[in-house]
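Just below is one structure, and these are the notes that go with it.
Just so it is clear, none of the values below were taken in a lab; they were calculated from the coordinates. Keep in mind that what you see is a predicted model, and the values were worked out from it rather than measured. Backbone-built Cβ (ideal geometry, glycine too); neighbour counts: all protein chains shown.
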Amino acid sequence: PPAVRLIDVTKHYWSKEEETIALSPLSFYVSPGEFVSLVGASGCGKSTVLSLVAGLLQPTAGEVQIFGQRVSHPSPRVGYMLQRDCLLDWRTVKKNITLGLELSGRFNHHTENHARYLLTELGLGHTLHQYPAQLSGGMRQRVALVRTLALQPDILLLDEPFSALDIQNKLHLEELLVQALKGRGMTTLLVTHDLEEALALSDRILVLTGSPGRLKRTVEIPEAIRKL
Ligand code: ADP
Ligand code: ADP
């Protein structure tokens with residue numbers, strides 16, 4: 001089965017008696033190991049799609065599946081990284097990257113070593129005992145990436161993970177992501193405003209239109225222009 005599948009998904013939000021139709025109806029799939037980007041104007045429902053796949057929201061109608069099973073709650077098979085790094089300032093880098101493992105009951109020598117290995121791989125081995133406040137924005141975002149990858153998810157959800165960074169840091173982190181994903185067979189769904197980034201990283205780009213969010217078109221990216 002596809003790693004991710006949306007079948008006629010509709011999502012309505014209600015707040016202060018106002019109804020927003022965020023998605024209507026949206027269908028697409030992502031194959032195992034595929035890297036797919038979601039692009040489209042602000043408000044077209046990209047983050048909503050990721051929250052649904054992450055099991056943080058339920059669709060109003062239709063069905064969201066991962067590996068052929070309906071998503072009814074957050075799954076340890078899915079890792080989610082946001083634009084805000086959400087690091088805990090009172091915990092060291094080491095404690096930040098192992099928090100998810102602890103919370104999901106998977107903290108042990110093996111997973112801890114893997115987390116430290118990833119940190120070194122992303123050039124942050126020396127920051128293990130530092131606190132997030134001591135790190136630059138780019139470094140913090142790298143720590144956040146390690147924290148997500150440390151959970152060894154089968155599906156990686158990235159919501160504008162690099163857009164708060166300057167161009168230098170952004171390109172560096174893209175390179176590191178490419179390296180980190182290489183050979184791991186992870187399925188990735190990236191939300192981005194940055195078409196260049198989508199072109200460099202994706203197998204396919206899904207273009208959404210807004211009000212309410214629908215699939216406008218799907219663009220296959222030729223291998224020749226990809227970094228992955
Ligand atoms: P994007 O990620 O493409 O910017 P979002 O998925 O964040 O789009 O939002 C899609 C639409 O749903 C927007 O109109 C947004 O204002 C609305 N929306 C998102 N989250 C909520 C919420 N929690 N309550 C009410 N409306 C929301
Ligand atoms: P982005 O455009 O980067 O996806 P947003 O600023 O649209 O992010 O949304 C940030 C957060 O606010 C999300 O958790 C989203 O669900 C929530 N949100 C967005 N629009 C609304 C809204 N109209 N009412 C309530 N919450 C919203």
Can you name every residue in the range 177-198 that is surrounded by fewer than 17 Cβ atoms within 10 Å (Cβ to Cβ) and not polar (S, T, N, Q)? VAL178, LYS182, GLY183, ARG184, GLY185, HIS193, LEU195, GLU196
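What do you reckon, is ARG84 surrounded by fewer than 19 Cβ atoms within 10 Å (Cβ to Cβ), closer than 21 Å to VAL30 by Cβ and of a type in the set (Lys, Arg)? Walk me through it before giving the result.
Values: surrounded by fewer than 19 Cβ atoms within 10 Å (Cβ to Cβ): yes; closer than 21 Å to VAL30 by Cβ: no; of a type in the set (Lys, Arg): yes.
For ARG84, the condition - surrounded by fewer than 19 Cβ atoms within 10 Å (Cβ to Cβ), closer than 21 Å to VAL30 by Cβ and of a type in the set (Lys, Arg) - is not met.
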Every pair of residues 6+ apart whose Cβ atoms lie under 7 Å, when the first sits in the range 19-39 and is in a strand (DSSP E or B) while the second is among the charged types (D, E, K, R) and within 15 Å of ligand 1 (Cβ to nearest atom): ALA22/LYS11; LEU23/LYS11; SER24/ARG214; LEU26/ARG214; LEU38/LYS46
Provide a single number: the residues in the range 109-138 that are over 23 Å from PRO153 (Cα atoms) and surrounded by 17 or more Cβ atoms within 10 Å (Cβ to Cβ). 3
Pick from the range 43-65, criterion assigned to a loop (DSSP other than H, G, I, E, B) and within 17 Å of LEU190 (Cβ to Cβ), ranking: farthest from ligand 2 (Cβ to nearest atom): ALA54
Residue check: is SER75 farther than 30 Å from GLU223 by Cα, part of a strand (DSSP E or B) and of a type in the set (S, T, N, Q)? no
If I filter the range 146-173 down to residues being part of a helix (DSSP H, G or I) and within 13 Å of the chain's Cα centre (by Cα), which single residue comes out as nearest to LEU87 (Cα to Cα)? ARG147
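In this structure, does ARG214 turn out to be more than 12 Å from the chain's Cα centre (by Cα), farther than 30 Å from PRO25 by Cβ and away from ligand 2 (no atom under 16 Å from the Cβ)? Walk me through how you get there before you give the answer.
On the way: more than 12 Å from the chain's Cα centre (by Cα): yes; farther than 30 Å from PRO25 by Cβ: no; away from ligand 2 (no atom under 16 Å from the Cβ): yes.
Against the criterion (more than 12 Å from the chain's Cα centre (by Cα), farther than 30 Å from PRO25 by Cβ and away from ligand 2 (no atom under 16 Å from the Cβ)), ARG214 does not qualify.
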